[in-house]
Amino acid sequence: MAEKKRFWYVGFTRSCQEKKVAAALAALGVEYYLPIQKVRREWSDRIKVVDQLVLPHMIFVRTDQDTRVKLLAQVYGLTGYMTTKGPYTPIIVPEKQMETFRFMVDNASDEVTFEQRPLKPGDPIEVLFGPLAGMRGELIKTEKGDYVAIRLESMGAAMAQVSLDTIRRYDPTKEVTLES
């Protein structure tokens, strides 16, 4: 029997249940990704590094279509999946976008934010130096600074702040790929 094709789905969780949902998925042997980042927080009397969810109330689940539906009954706190074109068409995040998003969350030196409103296409850029070196995305300018953005189709874009002297413009149409 052939193995069923697995995709990355965007799951919704109950409030403050993200880590419990992740533990339940792990116990069931289901691959998931809960984007958590260590961030520095300052109070008047102390500075502390804390874990912060990049996308509160969301978890990425990699599974097949049948298991995706069954998980709603098996995992307390998993309330549904992000959909498009009606309630029965779940959004699937392409594998390459997931890899790039995970790389950004795991390696950004500053806090990763998430912009949920649609973005206008920006300049394609490549990060040359620093913890995100080699990553390609779009340059986004905001009032807070310059960001490299990675689109997650139908969701929006993850963004990490970059310095303009660490990036360069590149032409994605001239990208060379090597076949093995």
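The table for this structure:
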item	result
Per-peptide average of other Cβ atoms within 10 Å, ordering 8-16, 145-153, 42-50 highest first	145-153, 8-16, 42-50
For the chain, calculated [θ]222 nm from helices alone, where every DSSP H run of n ≥ 4 adds -39500 (n - 2.57)	-5500 deg cm²/dmol
Peptides ranked, highest mean first, by Cβ atoms within 10 Å: ranges 78-90, 54-66	54-66, 78-90
For the chain, with +1 on Lys and Arg beta carbons and -1 on Asp and Glu, the positive-most of Leu34, Ala160, Ala133 along the dipole	Leu34
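No lab work stands behind these numbers, since they all come straight from the coordinates. None of these values were measured; they are calculated from a predicted model. Cβ coordinates were reconstructed from backbone atoms using ideal geometry, including for glycine residues, and neighbour counts include every protein chain displayed.
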